[in-house]
2 protein chains.
Amino acid sequence: MTHTDTDTDPTTTRRAGLGGAAAGADAALATGLPAAAHAADTRRSEARRPGRGPRIGVVLYDGFSLLDPTGPVEVLSRLPGAEITMVAERRGPVRTDTGHTAVVADRSFAETGRLDVVLVPGAGNRGTVAAMENPAILRFLRRAHRRTRFTTSVCTGSLVLGAAGLLGTRATTYWASKDYLQTTFGVTYVPERYVHDGKVITAAGVSAGVDMSLYLAALLTDELTARAVQLAVEYDPRPPYDSGNAAEADPELKELALRLLEKSQR
Amino acid sequence: MTHTDTDTDPTTTRRAGLGGAAAGADAALATGLPAAAHAADTRRSEARRPGRGPRIGVVLYDGFSLLDPTGPVEVLSRLPGAEITMVAERRGPVRTDTGHTAVVADRSFAETGRLDVVLVPGAGNRGTVAAMENPAILRFLRRAHRRTRFTTSVCTGSLVLGAAGLLGTRATTYWASKDYLQTTFGVTYVPERYVHDGKVITAAGVSAGVDMSLYLAALLTDELTARAVQLAVEYDPRPPYDSGNAAEADPELKELALRLLEKSQR
């Protein structure tokens, strides 16, 4: 393998060349993975930095939609000192709506203390309904909400907030669930990427969590930091199509979208 | 809790009301979570549908950036019959660059057969360098590449492809790694969200995986399906700021972005 500078330790050179500011530090970490079965999941406690940034709890529950929590976590994890914990009814892996993977919850609800931010992802029908009817989830959300600075959701996660009695008068949700939101909770559906009502911030479907989390990042820190985070994750979206907005979609496309969703979800 | 229709089974009504086409089916799944410790991670094998869609392998390695693989998986998991597997050197949870969570690899490289698509995510400096120097990862990629329809990457994942000798003459990568890409692999850096060169498709940093995966979705199926998937994940991006493009960013913002990244990564 070639190196850009043969006079320096190749690992350091590589790290310097990659463009990050980490050049020269921790070169030894790049080699020597341990042989244990779960070697790749280095213990979280070893890596716990002092924090003093926002304490963010991201709820996971069976059948959640993968991008709902992971988009926001990618963004918010870049805030200085951010302490982000994936939380669930029990510790351990929580599988997504399609079943293709699972994301690990490091803490149970019972082990989770005061949060500055709580985030509830959405799910397919099965997962959302189950969450809306899960007393442990609802109890945790109500408890967390008493002390959060912001209570947030992505996609049908706003319906779970609704089930917990935490919505205000305006909110958004997954586009196909807007009537349900209004009818069930008496909340006005707002067709925006995210809606900020009191201390509750709800986001539209799935990918809207990224937009919402940049907005939230600015509230938690400042606009300059949020812009820097946007650049850090190179969030300069240029989708190849412009079919992401339900209000502009014809009925056939909406039907196909929902059919694809249904077939993909367990 | 209120229901929209008291004459019907409330779970079915809820599911119907949510707007999906799954109303009436699998109502029993919405209740009765088992009490086992990892109850939320229902066994993947129970859910394996017949497939016959694209077989997609998504590589995970220690220190990867969370959104790199999860954005594409959210999109591609909606393709009819898609068989998506998160693969790694060993089965089990693989922790991200910030350490805030782990994503589960269901299969090891050794257990992974022919793939239509392989996707390599990026990582911070530490994770990227380790992956570039990991013989198991490089061997797996070369083996997979011999039979893929498309070999793809997000962010610094293209550097791992480069280390495996799989890049062509044009590619993209994370914005801060463009010089390294060109210098190390003699590849022309193209400042686009994604670059398609031969059967290799590389994407820019982190969030670019979503754009790239919609493009890939159309190649694997057709444009109509890709548009429907875009609607299914409500991908109508409207970030609150326009700072995601490095070419338009001033040096101070770039420096802050890289500093935030470095501080957030273990």
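In the condition set (1) in a helix (DSSP H, G or I); (2) among the small types (Gly, Ala, Ser); (3) at the interface with chain B (Cβ under 7 Å from one of its Cβ atoms), A:Gly244 is compliant with all but (1). Taken together, B:Val75, B:Val103 contain a single residue that is open to solvent by less than 20 Å² (accessible area, probe 1.4 Å) and assigned to a strand (DSSP E or B), which is B:Val103. Here A:Ala218 fits the description: under 18 Å from B:Gly244 (Cβ atoms) and either open to solvent by 40 Å² or more (accessible area, probe 1.4 Å) or touching a helix residue (DSSP H, G or I) at 6+ places or on another chain (Cβ under 8 Å) (or both). For segment A:224-242, the criterion of being buried (at least 17 other Cβ atoms within 10 Å of the Cβ), closer than 11 Å to B:Leu231 by Cβ and among the aliphatic types (A, V, I, L, M) is met by no residue. The set of residues from segment A:186-205 being in contact with an Asp or Glu (Cβ under 9 Å, 6 or more places away or on another chain) and among the hydrophobic types (A, V, I, L, M, F, W, C) comprises A:Val187, A:Val190, A:Ala203, A:Ala204. Pairs are defined by a Cβ separation below 7 Å, a sequence spacing of at least 6 or placement on different chains, a first member in segment A:118-139 that is under 9 Å from A:Gly157 (Cα atoms) and without any contact (Cβ under 8 Å) to a residue 40 or more places away in the chain, and a second member that is of a type in the set (Phe, Trp, Tyr) and open to solvent by less than 10 Å² (accessible area, probe 1.4 Å); no pair meets this definition.
Selection of segment B:116-151 for residues being surrounded by 23 or more Cβ atoms within 10 Å (Cβ to Cβ) and touching a Pro at 6+ places or on another chain (Cβ under 8 Å) yields B:Val117, B:Leu119, B:Pro121. Among residues that are modelled with pLDDT of 95 or more, assigned to a loop (DSSP other than H, G, I, E, B) and over 12 Å from the mean Cα position of the chain (by Cα), B:Pro93 is not included. Residues being within 20 Å of B:Ala246 (Cα to Cα) and charged (D, E, K, R) are entirely absent from segment A:241-250. Just checking, does segment A:207-229 include any residue being at pLDDT below 95 and either more than 7 Å from every other protein chain (Cβ to nearest Cβ) or on the phi > 0 side of the Ramachandran plot (or both)? Checked against the condition, which is being at pLDDT below 95 and either more than 7 Å from every other protein chain (Cβ to nearest Cβ) or on the phi > 0 side of the Ramachandran plot (or both), segment A:207-229 yields no hits at all. Restricting the search to segment B:158-186, which residues are away from chain A (no Cβ under 12 Å) and out of contact with any helix residue (DSSP H, G or I) (no Cβ under 6 Å at 6 or more places or on another chain)? Scanning segment B:158-186 gives B:Leu161, B:Gly168, B:Thr169, B:Arg170. Restricting B:Thr101, B:Thr85, B:Thr152 to those that are within 9 Å of chain A (Cβ to nearest Cβ), at negative phi and under 13 Å from the mean Cα position of the chain (by Cα) reduces the list to B:Thr85. Residues that are open to solvent by less than 60 Å² (accessible area, probe 1.4 Å) and either farther than 22 Å from A:Pro135 by Cα or free of Cβ contacts under 8 Å to residues at least 24 places away in the same chain (or both) within segment A:166-176 comprise A:Ala171, A:Thr172, A:Tyr174, A:Trp175, A:Ala176, listed in sequence order.
The values are calculated or read from the model by the stated rules, or taken from the named source; none is laboratory data. Remember, it's a predicted structure, so these values are computed and weren't measured experimentally. Here the Cβ is made from the backbone with ideal geometry for all residues, glycine too, and neighbour counts use every protein chain on show. Side chains are part of the model used for accessible areas, which takes the heavy atoms of the whole protein and leaves out ligands, DNA and RNA. Shrake-Rupley method; radii C 1.70, N 1.55, O 1.52, S 1.80 Å.
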